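Okay, structure first, notes after.
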Amino acid sequence: MNAHALGFPRVGINRELKWALERHWRGEIPETELVAEADALKRRHWRIQANAGLDLLPVGDFSLYDHVLDTMVMLGAVPARFGRSSGPTDLKTYFRMARGDAEQGVPAMEMTKWFDSNYHYIVPELAPDTRLAGDGSRLLADILAVKELGHAAKPVLVGPVTFLLLAKEVDGCNRWDHVDAIAQAYKGIIAELAPHCPWIQVDEPVLCSDLGPEAEKAFRTIYARLADAASCSRLLLATYFGELGDNLDLALSLPVDGLHVDLVRGPGQLNAVLAGLPADRTLSLGLVDGRNIWKTDLGTALRKVSRAACTVKADRLMVASSCSLLHSPVDLTAEKQLDPELKQWMAFAVQKCAEIAAVKQAAAGRKPRLFEENKASLLARGAHRGVVDRKIRDRAGAVTPGMLERASASAERSAIQKERFALPLFPTTTIGSYPQTAEIRRDRLRFRKGELAEADYAAAMRGHIAETVARQEELGLDVLVHGEPERNDMVEYFGQQLNGFCFTENGWVQSYGSRCVKPPVIYGDVSRPAPMTVDWALYAQSLTDKPMKGMLTGPVTILCWSFVRNDLSREEVCRQIALAVRDEVLDLEAAGISMIQIDEAALREGMPIRKALQDDYLRWAVDCFRLASAGVRDETQIHSHMCYSEFNVIMPAIARMDADVISIEASRSRMDLLDAFSAYDYPADIGPGVYDIHSPRVPDEDEICELLEKALAVIPANRLWVNPDCGLKTRAWPETLASLDNMVRAAKRLRANHE
Ligand code: GLN
Ligand code: ZN
């Protein structure tokens, strides 16, 4: 029986890859030094896995930026604007594809989320004239390095059909026209690698999504051609991020030697897989969660192996992580400040490797000590006082449908609010944060380090707020914000003030390229011991006669951007967070704040991959937003903000949130969004973002006017707000002032035209 991880995190325990990449991009270290750092990391990660007792060491899971980008390079699918050459792609071109070239005005390739994870990949482009040709030489070098260390290498490839489906069709291309070429290219690569490794892992996570007939056909055509190329090696078809569901027969029918299934995200599929598995097929059991930080229940995992062993001979079983460990932090032992009790419940990538090996050992009849420890810590976790709080459970259980309803319907509220606020046509506002200057960061850091007393810190923050409010007054904005100087991150800030959360020092996970995130951990029942934002909001409101928006992060976004406990459904956890946010909303209202914005930046990205699961998600996600927001009086205006485009399909859900005003990122996908508004009669006020905040570029007045005129074709004038795409915290003041000044002028010009 083989034990393996589908892939290992790349960043390194101290984020060595991040630092090396950024030094290289700043021109501080040459390519050779970057490559040497990468090689050292790869070797360290192989050593960790080998020492843990894993049999197959992944190769090709490491990447200097992104494994999908690596696949493009491996296939020679480099778009022409990056200077296509016939030879292998050099590193300079590689990074230009990932990051663009500001000097030459070449934009980076698009980036988007890897399925429903927080990892972002570079979107391949397929043009009619894209010529695919496989080159496995880089992988081969790593395979040989692993062999030299005395271990068995397992190259990991992004599967051909997944690659085709993730790609964007450009210049009128049809992705399926490339089926033959991609089969040929993969065939070449597999033939090149096969003599040097027992297994080749081909990742086809799209098998856990809804496939159309063309994709199915492509699977059959391509895999029929790959079968003989592998000859002396074996192909392991890896599926993850869910159940195979209606693609099970397809997966079982493909001529591969092994199938990997995700038994964490798809625990119910084991029986069906076992029932259909051909007699000569190896089965890899994904038992250790690659996307979370909790210890595996080893006893349960072992029972699954035993169940499989009734049908499949042990030498045709593998024990594995559910998916690549890319999505979990690297090493728990680096956590020095975490509550030791909570730490006991966790496993990061290094610890997960040991878990995989332990299950394999136990299946062979030698139960390692880890099993005893595991049982004890799971029991302790279940009994911990913070995990189940009766009061919170009772409160969540007593939520009534009435708590999700505003007193009056949206049109009536709108009339009441129009009178209360008496805003001009096309009111101008911003999304929440203002530039986080070096001074602001320094003040926060000094406070965290204890160098700044609480009172001095509060005074410093008040100073930043006062300055931001004064600037907004000067610009002539209609609805103001306090600017969020006290927040380092929109989720962490709230997590730190809620019960049930804990934080790691070093639990970094790659988001894209050199960017990493450190999600908070939700380990127990969530509640709010005290008001979180009321003082700041009141202070900000005291500085102006204009409405000051209270600013909160919504329950769905807090959930999506955290590591969530796995002993309670996401819906339940979200409901608890929603109740905590509801408390804050009502306190803000009672303190006299008249507009409250509840950001749900992550609402769209939390959607399950499978269509069949999406309605249920949208039901509880929207209900949680309503639970958080609906307790206020009619005259209190609820705002919400969402980013990351592609809202068309969820317009009915957005309408059901029943906010009085929504602001949505739009400038990057302007046409799409407006299409959605013409197709769907959105009932409330809306501010489609009029400029992209991701670059320092200052949009001019004409350009903003034009966009607003376009928006007016589908949004009634008395419901249109004017705002940027998102928060301004990553921007500097000069461009922020210039952009907002143009935005306010554009709104005024539009008003004049409409009077
Ligand atoms: N209020 C937040 C801000 O302005 C919203 C951020 C977001 O949507 N990502 O920073
Ligand atoms: Zn946003």
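On full extension, the segment bounded by Ala459 and Glu706 gains 84.7 nm, given 0.36 nm per residue less the C-alpha separation.
Out of every Cα pair in segment 505-600, what percent are spaced more than 24 Å from each other? Of all Cα-Cα pairs in segment 505-600, 36 percent lie more than 24 Å apart.
Which values, in whole Å and largest first, are the semi-axes of the equivalent ellipsoid of segment 703-755 obtained as the square root of 5 times each eigenvalue of the Cα gyration tensor? Three semi-axes, in Å: 23, 12, 8. By how many degrees, between 0 and 90 and to the nearest 10, does the Cα long axis of helix 213-230 differ from the longest principal axis of the chain? Roughly 40 degrees between the two axes.
In a DSSP loop and with at most 12 other Cβ atoms within 10 Å, there are no GluC sites (Glu not before Pro) in segment 648-747.
For the pair Asn14 and Arg446, the difference between a 0.36 nm per residue extended length and the Cα-Cα distance amounts to 153.2 nm. Shown here for segment 708-755: trypsin sites (Lys or Arg not before Pro) in loop regions (DSSP other than H, G, I, E, B) with at most 10 other Cβ atoms within 10 Å, of which there are none. What is the log10 of I(q)/I(0) for segment 348-470, computed with the Debye formula using one identical point scatterer on each Cα and no solvent, at q = 0.10 Å⁻¹? Normalising to I(0) and taking log10 leaves -0.88.
By the count of neighbouring beta-carbon atoms within 10 Å, fewest first, Thr130, Thr112 end up ordered Thr112, Thr130.
Classified by the C-alpha gyration tensor, segment 121-267 has an oblate form. Its axis ratio a/c, with a ≥ b ≥ c, is 1.5 or above, and a/b does not exceed b/c. Across segment 628-650, the residues whose backbone nitrogen lies under 13 Å from the label position 7 Å along the beta-carbon direction of Ala679 are 646-650. Here segment 5-78 is treated as an ellipsoid with the same Cα gyration tensor; its semi-axes, largest first and in whole Å, are 22, 18, 9. Would you please classify the overall shape of segment 593-685 from the alpha carbon gyration tensor, given that a ≥ b ≥ c denote the square roots of the eigenvalues, rounded means a/c under 1.5, and beyond that prolate means a/b larger than b/c while oblate covers the rest? The shape class here is oblate. Among Met657, Met111, a tally of other beta-carbon atoms within 10 Å of each Cβ gives an order, fewest to most, of Met111, Met657.
Per residue, the average separation of C-alpha pairs within less than 8 Å and at least 6 apart gives segment 188-251 a relative contact order of 53 percent.
In terms of Cα atoms, the Rg and Dmax of segment 647-729 work out to 12.4, 35 Å. The shape of segment 268-316 comes out prolate: with a ≥ b ≥ c from the C-alpha gyration tensor, a/c is at least 1.5 and a/b beats b/c. Counting only lysines at least 8 places from Lys729 when in the same chain, those with an alpha carbon closer than 26 Å to its own are Lys18, Lys113, Lys449, Lys518, Lys546, Lys549, Lys748.
Between Ala438 and Glu110, the modelled label-to-label distance comes to 3.8 nm, taking each label 7 Å out from Cα in the direction of the beta carbon. Kirkwood-type hydrodynamic radius, segment 291-338: 13.2 Å, calculated from all non-identical alpha-carbon pairs.
The calculated FRET efficiency for the pair Arg44 and Glu646, based on their C-beta separation and a Förster distance of 45 Å, comes to about 0.75. Taking the centroid of alpha carbons for each part, segment 108-177 and segment 243-310 are 24 Å apart. For segment 420-516, what percent of Cα pairs sit more than 16 Å apart? Considering segment 420-516, 68 percent of its Cα-Cα pairs are separated by more than 16 Å.
With equal scatterers on the alpha carbons only and no solvent term, can you work out the Debye log10 of I(q)/I(0) for segment 238-358 at 0.09, 0.12, 0.15 1/Å? With one equal scatterer per Cα and no solvent, log10 I(q)/I(0) is -0.27, -0.45, -0.66. Looking at segment 15-140, the pairs of alpha carbons with a distance over 19 Å make up 56% of the total.
Viscosity 1.306 mPa s, temperature 10 °C: what is the translational diffusion coefficient of the chain from Stokes-Einstein with a Kirkwood Rh over Cα pairs, rounded to a whole number of µm²/s? The diffusion coefficient I find is 57 µm²/s. Taking GluC sites (Glu not before Pro) across segment 1-80, the ones in a DSSP loop with at most 11 further Cβ atoms lying within 10 angstrom of their Cβ are Glu28.
Roughly speaking, what is the centre-to-centre gap between segment 1-58 and segment 422-477 when only Cα atoms are used, to the nearest Å? Using only Cα atoms to place each centre, the spacing works out to 40 Å.
For the chain, the longest principal axis of the alpha carbon atoms and the long axis of helix 438-448 meet at an angle near 70°. Here Lys187 is the anchor, and the aspartates and glutamates within straight C-alpha reach of less than 18 Å, apart from those fewer than 8 places off in the same chain, are Asp70, Asp135, Asp177, Asp203, Glu204, Asp228, Asp257.
Label separation (Leu270 vs Arg619): 2.8 nm, computed from points 7 Å beyond Cα along the C-beta direction.
Report summary: the helix-based calculation at 222 nm, which adds -39500 (n - 2.57) for every DSSP H run with n ≥ 4 and divides by the residues of the chain, gives -13500 deg cm²/dmol. For the chain, the longest principal axis of the C-alpha atoms and the axis of helix 137-148 are separated by about 60°. Measuring against 30 Å, Cα to Cα, the residue pairs Lys418/Lys710; Lys304/Lys343; Lys92/Lys154; Lys418/Lys611 contain Lys418/Lys611 as the ones spanning a longer distance.
No lab work stands behind these numbers, since they all come straight from the coordinates. Not measured: the values here are computed from a predicted model. Virtual Cβ from ideal backbone geometry, glycine too; neighbours counted across all protein chains shown.
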